[in-house]
Structure formats: C-alpha cells, structure tokens
Amino acid sequence: MDNILEMNQVETYIGQYHILFGIDLKVRKGGATVLLGRNGGGKTTTLDTIIGLRKPSAGTIILDGEDVTKLPAYEMARKGVGYVPEDRDIFSDLTIEENLLITARKNGGNYQERLDMVLSLFPDMKKYFKKKARVLSGGQAQMLSISRALINDNKLILVDEPSKGLAPLIIAELMEKMNEIKQETTILLVEQNYEMATAVGDYFYFVEDGKTVFECTKEVLLQDESVKQKYLGV
Ligand SMILES: Nc1ncnc2c1ncn2[C@@H]1O[C@H](COP(=O)(O)OP(=O)(O)O)[C@@H](O)[C@H]1O
Ligand SMILES: [Mg+2]
C-alpha cells in the first residue's frame, strides 16, 4: 500500500446542504499532500469528513487499505489519524502539560518518547510546560495545537490552515517545523498561504465547489503559471 489515504467520489451534506460533490484524492505515505483552493470550496469539510466529524452520503474513504468511510471521529483517532483544526484546538485553562496529557492515548505506552520529541521540536512548549495555555501567543497556540496531534504516534495528520492569522516571521518558523514533521509522519495540509503550501507540499489537489478539479506535482505548480491563475485566481 503506497497510499495512506484514498477518497473516491466522496460526497457530504451539511444539514440539507450538499457541500461535497465528488472528492477524489490519494495521499501517498510520507511527505505532505496539500489541498488548495478558494475560500468556501470545501477544504475544511473534506478534512471533517475524513476524520469522521461529518458523514459522507456517498463514496469511500480508505485508510491504509482499510475502509473507514463510516467510522466516527474517536475511532479515526484510535486508528492513528490526528487533526489540527482550523481554529486552534487547545484548552486555555489547562497547562501545556495537561493539554498534551489529555490528548495522549492511554494505551500508547511511549508517552515519554513522544513528549521528548514534541518538546525538542517546539522549545516554547518546554518553556511554558507548567503554564496555562492562555499565556501563549497566536503562533505558540498553533504550535501547541500541532503538538497535540504529534503526542500520539499518528500515521497521518490533517492540518487545516496553520498559517492563518500569523505574522510572516512565525509562518516561516512554522514552515520549517512542518518540514521536520513530515520526515516522521504523513501530512495532509490545507493551506491558503501559497509560500507555505509550496515550501511544505510535495503533491497538490485543487478543490473547487466541493470537487477535486485538478492535481499536480510541486514542479508543475511552480512552473506552470496558468495553474495558479486558473485555480487560485492569482
Ligand atoms: N455549518 C455549515 N452550515 C452550512 N454551510 C456550511 C457550514 N459549514 C460550511 N458550509 C459551507 O460549505 C462550503 C464549504 O465550506 P468549507 O469546507 O469550510 O470551505 P473551505 O475550508 O474550503 O473554505 C461553503 O460554501 C460553506 O459556506
Ligand atoms: Mg476552511
């Protein structure tokens, strides 16, 4: 199995609204695959559908060769899929340590090892370890949110627009971290920041009106201006 994740003709409703009309994608093991596309295209809904927060009405989702189309979120988490949602998912009233502890799977057994990795990747998490998460800046909060996905030995992590609302310097730091993270797990990244997307991504899918409309390698994206123009309007 070369693909950690495959979506075939996935459709999703939110209430009565038909939002996804046919998402097709393959995420290769290792590295980073990026979902690009204008606001409202269906990128977040795609991630929500993968992780089981929304149930698809049609199509299939295959994780590492296993059909997970109908699994709820807690089972997807147990199968090793981490989620860093669009709005930083942290508990402000808990310390950094507590944020990580409540996320760690109890049967994992290698908490200390994972924690060492997270704290060396994000030294600020070590610095503020015993402090409440509310003291963190926006960038640090995003790093804690990512740390929560890394504290478990996940085989795939979904990351939704991590650069949103952050200053350029912090985004540059985040890019470096994402490149380190993809050395050890597979990333499916949604990113509107083109620089971040191309700095981290290896393979790209474009989502428009709830459908995947185009896919390409980084080389094509960087060389072919018409792709950018057509699908991103830049
Ligand atoms: N809770 C909701 N109720 C109704 N429509 C929604 C809801 N959430 C998202 N949508 C709609 O679904 C479409 C896709 O949204 P989303 O997946 O968030 O797009 P993206 O992440 O690409 O910006 C948009 O048209 C949005 O308005
Ligand atoms: Mg979104």
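The values are calculated or read from the model by the stated rules, or taken from the named source; none is laboratory data. Just so we're clear, the structure is a prediction, and the values are computed from it rather than from any experiment. A quick note on method: Cβ atoms are made from the backbone with ideal geometry, for glycine too, and the neighbour counts reach across all protein chains shown. Heads up: the accessible areas ignore ligands, DNA and RNA and are worked out on the full protein's heavy atoms, side chains in. Shrake-Rupley method; radii C 1.70, N 1.55, O 1.52, S 1.80 Å.
The single residue among K130, K155, K126 that is in contact with a Ser or Thr (Cβ under 6 Å, 6 or more places away or on another chain) and not hydrophobic (A, V, I, L, M, F, W, C) turns out to be K130.
Cβ-Cβ distances below 7 Å connect the following pairs, each with a first residue in the range 41-53 that is at pLDDT 95 or above, a second residue that is within 8 Å of ligand 2 (Cβ to nearest atom) and not in a helix (DSSP H, G or I), and a separation of six or more residues or different chains: K43/V190; T44/E86; T44/D160; T44/V190; L47/D160; L47/V190. Give the residue, chosen from L188, L150, that is under 29 Å from L101 (Cβ atoms), in contact with a Leu (Cβ under 7 Å, 6 or more places away or on another chain) and not aromatic (F, W, Y). None of the other options fit; the residue is L188. A search for C-beta distances below 8 Å between a residue of the range 13-24 that is in a strand (DSSP E or B) and any residue that is surrounded by fewer than 15 Cβ atoms within 10 Å (Cβ to Cβ) and among the charged types (D, E, K, R), counting only pairs 6+ apart in sequence or on different chains, returns F21/D209.
Considering the range 25-61, and only residues there that are within 16 Å of ligand 2 (Cβ to nearest atom), basic (K, R) and touching a helix residue (DSSP H, G or I) at 6+ places or on another chain (Cβ under 9 Å), the residue that is most open to solvent (accessible area, probe 1.4 Å) turns out to be R38.
With respect to (1) crowded, with 18+ Cβ neighbours inside 10 Å; (2) at pLDDT 95 or above, the lone exception for D124 is condition (1). The selection criterion, being surrounded by 14 or more Cβ atoms within 10 Å (Cβ to Cβ), in contact with a strand residue (DSSP E or B) (Cβ under 8 Å, 6 or more places away or on another chain) and assigned to a strand (DSSP E or B), does not hold for L221. Inside the range 224-234, residues that are open to solvent by 60 Å² or more (accessible area, probe 1.4 Å) and either among the small types (G, A, S) or at pLDDT 95 or above (or both) make up a count of 1. For S137, are the conditions met, namely being within 16 Å of ligand 1 (Cβ to nearest atom), free of Cβ contacts under 8 Å to residues at least 40 places away in the same chain and among the hydroxyl-bearing types (S, T, Y)? Against the criterion (within 16 Å of ligand 1 (Cβ to nearest atom), free of Cβ contacts under 8 Å to residues at least 40 places away in the same chain and among the hydroxyl-bearing types (S, T, Y)), S137 does not qualify. Of all residue pairs spaced 6 or more apart or on separate chains, none has beta-carbon atoms under 9 Å together with a first member in the range 182-195 that is under 13 Å from K155 (Cβ atoms) and a second member that is within 13 Å of ligand 1 (Cβ to nearest atom) and open to solvent by 10 Å² or more (accessible area, probe 1.4 Å).
In the range 179-186, the count of residues that are crowded, with 17+ Cβ neighbours inside 10 Å and assigned to a loop (DSSP other than H, G, I, E, B) is one or more.
Say whether the condition of being in a strand (DSSP E or B) and either modelled with pLDDT under 95 or away from ligand 2 (no atom under 16 Å from the Cβ) (or both) is met by at least one residue in the range 74-86. Within the range 74-86 (the criterion being in a strand (DSSP E or B) and either modelled with pLDDT under 95 or away from ligand 2 (no atom under 16 Å from the Cβ) (or both)), the answer is yes, since at least one residue qualifies.
The set of residues in the range 45-73 that are away from ligand 1 (no atom under 16 Å from the Cβ), in a loop (DSSP other than H, G, I, E, B) and not charged (D, E, K, R) comprises G65, V68, T69, L71, P72. Across the range 87-113, the qualifying residues are those that are open to solvent by 70 Å² or more (accessible area, probe 1.4 Å) and assigned to a helix (DSSP H, G or I), and the one among them that is farthest from ligand 1 (Cβ to nearest atom) is Q112. Does N3 count as open to solvent by less than 40 Å² (accessible area, probe 1.4 Å), away from ligand 2 (no atom under 16 Å from the Cβ), at pLDDT 95 or above and more than 27 Å from K164 (Cα to Cα)? Considered against the rule, which asks whether it is open to solvent by less than 40 Å² (accessible area, probe 1.4 Å), away from ligand 2 (no atom under 16 Å from the Cβ), at pLDDT 95 or above and more than 27 Å from K164 (Cα to Cα), N3 comes out as yes. The residue of the range 6-23 that is surrounded by the most Cβ atoms within 10 Å (Cβ to Cβ), among those that are within 24 Å of Y203 (Cβ to Cβ) and of a type outside the set (V, I, T), is L20.
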